[in-house]
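Student: Here's a structure for you.
Just so you know, all these numbers are worked out from the coordinates, no wet-lab data involved. Model, not experiment: these values are computed from the prediction. All Cβ positions, glycine included, derive from the backbone under ideal geometry; neighbour counts span all protein chains shown.
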Amino acid sequence: MQNKKAVVLGSGPSGVFCAIILAKRGYHVSVYDKREDFSKQDHEIVHNRAYVIALSRRAMRAFEYANLPHPSTFGSVQHGNYTVMRTRTVYKRFEDPIICVKRHTLINVLLQEAKKLGVQFYFEKRCTGIDFVSKQIFFDSETVPYDFLIGSDGIHSQTRQHMQEVVPNFSCTVEHNPNRSKQMFIRPGTHKYALNEGYFFTGKDIMCVLSPTRENGFDVCLNWNRAKTHVNDALSNPNEYKSLLAENFGSELADVLVPVEGFFDTPDFFITSVTCSQYHYLNTILIGDAAHAMYPLYSQGCNAALEDCVILDQILNTCKDDLSRALPEFTRVRRPDTNAMVEFCRIPFPERGLKLFIYMGSTILARKLHEILPSVFHASAFEILQGTDVPYRKLARITQVQNGMFIALVSSILFMFVYTLVFVVRKAISL
Ligand SMILES: Cc1cc2nc3c(=O)[nH]c(=O)nc-3n(C[C@H](O)[C@H](O)[C@H](O)COP(=O)(O)OP(=O)(O)OC[C@H]3O[C@@H](n4cnc5c(N)ncnc54)[C@H](O)[C@@H]3O)c2cc1C
């Protein structure tokens, strides 16, 4: 790939990972990002603001594939347990641990590896336009030519928006989850939660997920329905937020939760999902959240983004770097899987009541049946996602079939029960 110039727009996990893959293929790679260089910002503030990303088998495979340091060397290892505190139910996942890494730590590690390969980074460069035909990308005061453009610029991707303007029949759906989200954290040494586990707390109005950090604290993601305006108000008020947290989670947790820098001023963010009809146009490709952002319920967005880069590399191998063949092939191979996962993540997690009870019951039943008859029953979707890298399409099919089997099984048991009851009552009456 001598003298071929790849421009990567966005230095999130997918952009930097892709830059590494392309640099290894021999492209001259430059990465542009609108944000400031993390390394020049106050480390403490950036660190506390950044949320934790849970990396499962899919991401591990990507790291191995690209010959990069194993995430356990820079993340915290979670030994496969997630406890739902309301029901005290433990999701015991397969043997694989999950690695939790602060987003900015993950990007910094990838950035250092990319720099070793000669990738050039340009920060505070906001893309303002793209000419796909003449292969030029425009920034505020600069025009950059490219041979290959990678649109890894996240949920609100400019690359995608420019494609929408010029590509015939390009369609894209952007959906906002009714939930909103804010970040908090728990300092090391201030809590009594097990350090290698994750926790779900479901309160009256709000839920939160605790993910362990490498420093032995927890990253906390609060989640609530935006229709609950009193929650929005309380979480923007330094005098009120604590009592809301105590009401929902009890004082033991509320007392140790610390707001991240700018918590009260920064608006809570929408959780968004994206589906597109295609990921390519001429010499441009969309990857990561730009192509297929998904709600973080199953912790798959980053895992899928890294897998994109591996699949792109394999296709470039097969097509001998002929982009006119490789990029349409990427859409053909990748889209059905990522679309399936985006759809899958849209099914809401049942936070309370009967729905939560049924959900947890079927998860445990799936696990037990899988242990007894592994060739007939699969583990729950959650466990399959964390412990394997089966294609997302297949996972969606497995879950559909399995749900059907559960409904049939539970209905049969209920039928047998009612039948026996009627039989016994009749017998008793006739005696
Ligand atoms: C609260 C939360 C928790 C999550 N937890 C998990 C998890 O546990 N596991 C998991 O796998 N995933 C998780 N995700 C999803 C994961 O964070 C994303 O899928 C992942 O960051 C996507 O990476 P990306 O590189 O595609 O995009 P991004 O990380 O969004 O990066 C895009 C980059 O592009 C830059 N950019 C944007 N527009 C422009 C422009 N016009 N010009 C120049 N640069 C631009 C941005 O500054 C940014 O640096 C979570 C997401 C959230 C919000």
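Student: Would you mind pulling out the separation of the Cα centroids of the stretch 114-172 and the stretch 349-382, in Å?
Tutor: 43
Student: Right, another one. Measure off 7 Å from each Cα along the Cα-to-Cβ vector at residue 228 and residue 133, then give the distance between these two points in nanometres to one decimal.
Tutor: 5.3
Student: Using only Cα atoms, find the angle between the long axis of helix 392-430 and the longest principal axis of the chain, and express it within 0 to 90 degrees, rounded to the nearest 10.
Tutor: The two axes meet at around 10 degrees.
Student: Additional query: Can you tell me the orientation of helix 323-345 relative to the chain, as the angle in degrees between its alpha-carbon axis and the longest Cα principal axis, to the nearest 10?
Tutor: Result, in degrees: 30.
Student: Taking only Cα atoms and a 10 Å spring cutoff, compute GNM fluctuations for the chain and point out the largest among 166, 220, 119.
Tutor: 166
Student: Next up: Relative to the longest principal axis of the C-alpha atoms of the chain, give the angle of the C-alpha long axis of helix 13-24, reported between 0 and 90° and rounded to the nearest 10°.
Tutor: With both axes taken from Cα atoms, the answer is about 50 degrees.
Student: Most fluctuating residue of 244, 373, 395 in a GNM of the chain with Cα springs under 10 Å: which is it?
Tutor: Looking only at 244, 373, 395, the largest GNM fluctuation is found for 373.
Student: Might you report the magnitude of the Cβ-based charge dipole of the stretch 165-281 about its Cα centre, with Lys and Arg at +1 and Asp and Glu at -1, to the nearest 20 debye? Before the final figure, lay out the partial values.
Tutor: Details: 9 positive and 14 negative charges, 35 e Å.
Magnitude of the dipole: close to 160 debye.
Student: Let me ask another. Can you give the relative contact order of the stretch 353-430 as a percent, counting alpha carbon pairs under 8 Å and 6+ residues apart? Present the calculation step by step, with values, prior to reporting the outcome.
Tutor: Numbers: 27 pairs, mean separation 13.8, N = 78.
Here the relative contact order equals 18 percent.
Student: Rounded, prolate or oblate: which fits the stretch 176-269 when a ≥ b ≥ c are the square roots of the eigenvalues of the alpha-carbon gyration tensor, with rounded for a/c under 1.5 and prolate only if a/b beats b/c? Intermediate results must be reported in sequence, preceding the final value.
Tutor: Details: a/c = 1.63, a/b = 1.57, b/c = 1.04.
Note, shape of the stretch 176-269 comes out prolate.
Student: I've got another one for you. Mean residue ellipticity at 222 nm from the helices of the chain, using -39,500 (n - 2.57) per DSSP H segment of n ≥ 4 over the full residue count, to the nearest 500 deg cm²/dmol?
Tutor: One gets -13500 deg cm²/dmol as the mean residue ellipticity at 222 nm.
Student: Dipole magnitude of the chain about its Cα centre, charges +1 at Lys/Arg Cβ and -1 at Asp/Glu Cβ only, in debye to the nearest 20? Can you show the working numbers first?
Tutor: On the way: 47 positive and 42 negative charges, 272 e Å.
Around 1300 debye, computed over the chain.
Student: Out of all DSSP beta bridges in the chain, what portion is antiparallel? Express it as a percent rounded to 5.
Tutor: On the way: 50 of 68 bridges.
Roughly 75 percent of the DSSP beta bridges within the chain come out antiparallel.
Student: Pick out, from 73, 357, 288, the residue whose Cα sits farthest towards the positive end of the charge dipole of the chain, with +1 on the Cβ of Lys and Arg and -1 on the Cβ of Asp and Glu.
Tutor: The residue sitting most towards the positive pole is 357.
Student: If packing is taken as the average count of other Cβ atoms within 10 Å, what order do 58-66, 211-219, 407-415 fall into, highest mean first? Can you show the working numbers first?
Tutor: Working: 58-66: 19.2, 211-219: 21.7, 407-415: 11.0.
Per-residue Cβ counts within 10 Å, averaged per peptide and sorted highest first, yield 211-219, 58-66, 407-415.
Student: With an 8 Å Cα cut-off and a minimum separation of 6 or more residues, compute the relative contact order for the stretch 340-394 in percent. Write out the running numbers ahead of the final one.
Tutor: On the way: 25 pairs, mean separation 16.7, N = 55.
Taking the mean separation of contacting Cα pairs over the length of the stretch 340-394, I get 30 percent.
Student: I need the phi-derived Karplus couplings for the stretch 56-61: 6.51 cos²θ - 1.76 cosθ + 1.60, θ = phi - 60°, integer Hz, Gly and Pro marked x.
Tutor: 10, 3, 4, 5, 4, 4
Student: Under the rule of at least 5 residues apart or a separate chain, name every residue whose amide H is placed under 5 Å from the amide H of residue 126.
Tutor: Under 5 Å from the amide H of residue 126 lie the amide H atoms of 140, each far enough along the sequence or on another chain.
Student: With the cut-off at 1.5 for a/c, could you classify the stretch 122-254 from its C-alpha gyration tensor as rounded, prolate or oblate?
Tutor: Values: a/c = 3.05, a/b = 2.19, b/c = 1.40.
It is prolate, given that a/c is not under 1.5 and a/b is the larger ratio.
Student: Further, regarding this structure: Could you work out how far the C-alpha centroid of the stretch 16-36 sits from that of the stretch 223-273, in angstrom?
Tutor: A separation of 37 Å, based on Cα centres.
Student: Ok, one more. Please label the shape of the stretch 353-430 as rounded, prolate or oblate, based on the square roots a ≥ b ≥ c of the eigenvalues of the alpha-carbon gyration tensor (a/c under 1.5 means rounded; beyond that, a/b larger than b/c means prolate, else oblate).
Tutor: Working: a/c = 3.21, a/b = 2.65, b/c = 1.21.
Prolate, because a/c is 1.5 or more and a/b exceeds b/c.
Student: In percent, what relative contact order does the chain have, based on Cα pairs under 8 Å that are 6 or more apart in sequence? If you can, show how the numbers build up before the last one.
Tutor: Values: 782 pairs, mean separation 77.6, N = 431.
Relative contact order comes out at 18 percent.
Student: What list of ³J(HN,Hα) values in whole Hz, one per residue of the stretch 353-366 in order, does the Karplus curve 6.51 cos²θ - 1.76 cosθ + 1.60 (θ = phi - 60°) give from phi, with Gly and Pro shown as x?
Tutor: x, 4, 4, 5, 4, 5, 4, 5, x, 6, 5, 5, 4, 4
Student: Here is a further query. What are the ³J(HN,Hα) values, in whole Hz, obtained from phi via the Karplus relation 6.51 cos²θ - 1.76 cosθ + 1.60 with θ = phi - 60°, for each residue of the stretch 274-289 in sequence order, with x given for Gly and Pro?
Tutor: 9, 10, 10, 7, 7, 10, 10, 7, 6, 9, 10, 9, 9, 9, x, 4
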